[in-house]
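> Take a look at the following structure, please.
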Amino acid sequence: MPTMKKLPLVLSALVLAALLVAPAAAQATLAYVKNLANPTVFAAADDGSGAKKLVAGSNPHVSPDGQIIALLKQAPSLKAKPEMVLAPACACAPPTVLVKNWRQPEVFAWSPDSKLVVAVLGPELGKQRLVLIDTVTGQQRTIAKGFFNGVSFSPDGGELVYAMAGGEAFPPRSDLFRIEVLPPGAVSVKAVVPVRLTKDHNSAYPLWGPQKIVFVKTLDAKKRKYGPKNDLFLINPNGKGVKRLTHTKVDPLLQGLFPTAWSASGNQLLAEFEGQDTSYAVKVNPKTGGEKPVSKSGEQGFVGTALSSDGKFVLGYTGGFDPGLKHDVVSFPYSGGKGKVLVKNAFLPDWSR
């Protein structure tokens with residue numbers, strides 16, 4: 001059964017005041033990282049203008065309303081616990097620590113109303129907790145305990161889907177679960193329990209779209225010398241109607257597709273093709289499963305990190321997976337065409353566009 005834990009107020013009065021008086025943004029917020037040797041998170045308008053230095057850290061996640069950026073802060077000491085820091089995008093108030101022992105910053109999601117985050121907390125080794133956190137009060141609700149491979153809010157924010165396994169085997173022997181999300185401060189008259197959507201121990205990395213949930217299955221383990229490949233599947237939120245979406249060609253030492261983002265209409269789907277020394281963005285047709293790289297593929301291709309809500313633009317960075325190479329934050333039209341450099345010498349972008 002999910003448990004509740006209450007923490008001290010984490011957003012200072014100064015931060016709250018800044019958010020309350022800030023005018024509605026004319027543009028969405030873009031966040032990114034600069035300086036590999038000493039990673040620092042910056043915020044700007046979604047065209048890269050008006051950049052503001054926020055705080056040392058990495059892996060920025062912009063809230064849907066564009067006002068707050070959740071980021072990973074890891075002190076140089078090996079004994080230091082990784083922290084989730086909340087930084088106002090306006091840089092008009094100091095950042096605050098929301099939680100410590102934040103693990104797997106890629107297994108993370110903001111609620112559509114920007115009031116909650118869901119993240120993995122716990123020790124570096126062993127079982128961890130999937131936790132729903134109120135960003136204003138710091139109140140925590142433990143959703144489940146185990147080993148997690150993806151999490152996503154429903155479009156209306158009323159539910160979560162997550163992938164959980166009982167161990168750390170590769171490929172992940174996880175299944176999909178759905179659970180109701182209570183609004184901050186709400187109390188249910190009965191216990192909120194998860195609903196199991198799959199039982200194949202081969203379902204991971206779910207991403208909830210407007211009508212369907214897309215997720216990953218690993219296939220052809222017996223045919224491939226260096227391990228199975230990923231393909232994308234669709235499932236209804238009630239756990240029925242599982243359908244294979246992609247039939248991806250995956251060469252040895254490569255893994256295949258991971259879902260990245262849906263558009264609000266569900267007509268555009270962004271994924272990332274990954275494997276050894278490889279990561280590049282791929283457009284996937286949600287109806288036919290057709291695939292096409294957003295831009296250059298391969299080791300130094302365009303890494304996609306986000307999709308605009310209207311499905312018109314893909315955000316990411318050039319230079320491929322290798323942090324030692326030169327990277328620029330770039331947006332590409334989803335329909336095809338030349339990319340636009342938003343920020344030079346920067347990587348790991350996210351936006352609220």
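Residue by residue, here is whether (1) within 23 Å of Lys53 (Cβ to Cβ); (2) surrounded by 14 or more Cβ atoms within 10 Å (Cβ to Cβ); (3) among the β-branched types (Val, Ile, Thr) holds:
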position	(1), (2), (3)
Leu253	no, no, no
Pro259	no, yes, no
Asn267	no, yes, no
Ser297	no, yes, no
Lys312	no, yes, no
Asp322	no, no, no
Lys326	yes, no, no
Gly337	no, no, no
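Every residue, every condition in (1) buried (at least 20 other Cβ atoms within 10 Å of the Cβ); (2) out of contact with any Pro (no Cβ under 7 Å at 6 or more places or on another chain); (3) at positive phi, yes or no:
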position	(1), (2), (3)
Asp200	no, yes, no
Pro206	yes, yes, no
Gln211	no, yes, no
Phe215	yes, no, no
Thr218	yes, no, no
Lys222	no, yes, no
Lys225	no, no, no
Asp231	no, yes, no
Pro237	no, yes, no
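> Follow-up. Looking at Lys229, Lys222, which one is free of Cβ contacts under 8 Å to residues at least 12 places away in the same chain and out of contact with any Phe, Trp or Tyr (no Cβ under 8 Å at 6 or more places or on another chain)?
Values: Lys229 fails: free of Cβ contacts under 8 Å to residues at least 12 places away in the same chain.
One residue alone meets the criteria, Lys222.
> A further question on this structure: Test of understanding: among Pro94, Pro88, which residue is surrounded by fewer than 19 Cβ atoms within 10 Å (Cβ to Cβ), of a type outside the set (Ser, Thr, Tyr) and under 18 Å from Val41 (Cα atoms)? Walk me through it before giving the result.
Working: Pro88 fails: surrounded by fewer than 19 Cβ atoms within 10 Å (Cβ to Cβ).
On inspection, the qualifying residue turns out to be Pro94.
> Answer yes or no as to whether Leu257 is aliphatic (A, V, I, L, M), within 25 Å of Ser309 (Cβ to Cβ), more than 18 Å from the chain's Cα centre (by Cα) and assigned to a strand (DSSP E or B).
On the way: aliphatic (A, V, I, L, M): yes; within 25 Å of Ser309 (Cβ to Cβ): yes; more than 18 Å from the chain's Cα centre (by Cα): no; assigned to a strand (DSSP E or B): yes.
No.
> Six or more apart or on different chains, Cβ atoms under 6 Å: show the pairs whose first residue is in the stretch 252-264 and without any contact (Cβ under 8 Å) to a residue 60 or more places away in the chain and of a type in the set (Phe, Trp, Tyr) and whose second is crowded, with 20+ Cβ neighbours inside 10 Å and outside any strand (DSSP E or B).
Trp262/Gly209
> Test of understanding: among Gly337, Gly320, Gly298, which residue is closer than 28 Å to Lys223 by Cα, outside any strand (DSSP E or B) and small (Gly, Ala, Ser)?
Details: Gly337 fails: closer than 28 Å to Lys223 by Cα; Gly320 fails: closer than 28 Å to Lys223 by Cα.
Checking each option against the conditions leaves just Gly298.
> Out of everything in the stretch 27-71 that is of a type in the set (Gly, Ala, Ser), assigned to a strand (DSSP E or B) and in contact with a Gly (Cβ under 9 Å, 6 or more places away or on another chain), what residue ends up being surrounded by the most Cβ atoms within 10 Å (Cβ to Cβ)? Reasoning before the result, please.
As a first pass, look at the stretch 27-71 and keep what is of a type in the set (Gly, Ala, Ser): 28, 31, 37, 43-45, 48-51, 56-58, 63, 66, 70.
Filter once more, keeping what is assigned to a strand (DSSP E or B): 31, 43-45, 56, 58, 70.
Then keep just the ones that are in contact with a Gly (Cβ under 9 Å, 6 or more places away or on another chain); that gives 43-44.
Values: Ala43: 24, Ala44: 22.
Restricting to residues being of a type in the set (Gly, Ala, Ser), assigned to a strand (DSSP E or B) and in contact with a Gly (Cβ under 9 Å, 6 or more places away or on another chain), the top hit is Ala43.
> Name the residues in the stretch 196-230 that are more than 17 Å from Val151 (Cβ to Cβ) and either in a strand (DSSP E or B) or touching a Ser or Thr at 6+ places or on another chain (Cβ under 9 Å) (or both), would you?
Step one: of the stretch 196-230, the residues more than 17 Å from Val151 (Cβ to Cβ) are 199-202, 210-211, 217-230.
Within the stretch 196-230, His201, Asn202, Pro210, Lys217, Thr218, Leu219, Gly227, Pro228, Lys229, Asn230 meet the criteria.
> Kindly list the number of the only condition in (1) modelled with pLDDT under 95; (2) closer than 18 Å to Trp351 by Cα that fails for Ala89.
So Ala89 meets the others, but not (1).
The values are calculated or read from the model by the stated rules, or taken from the named source; none is laboratory data. Source: prediction; values computed, not measured. Note that we place each Cβ from the backbone using ideal geometry, even for glycine, and neighbour counts take in every protein chain shown.
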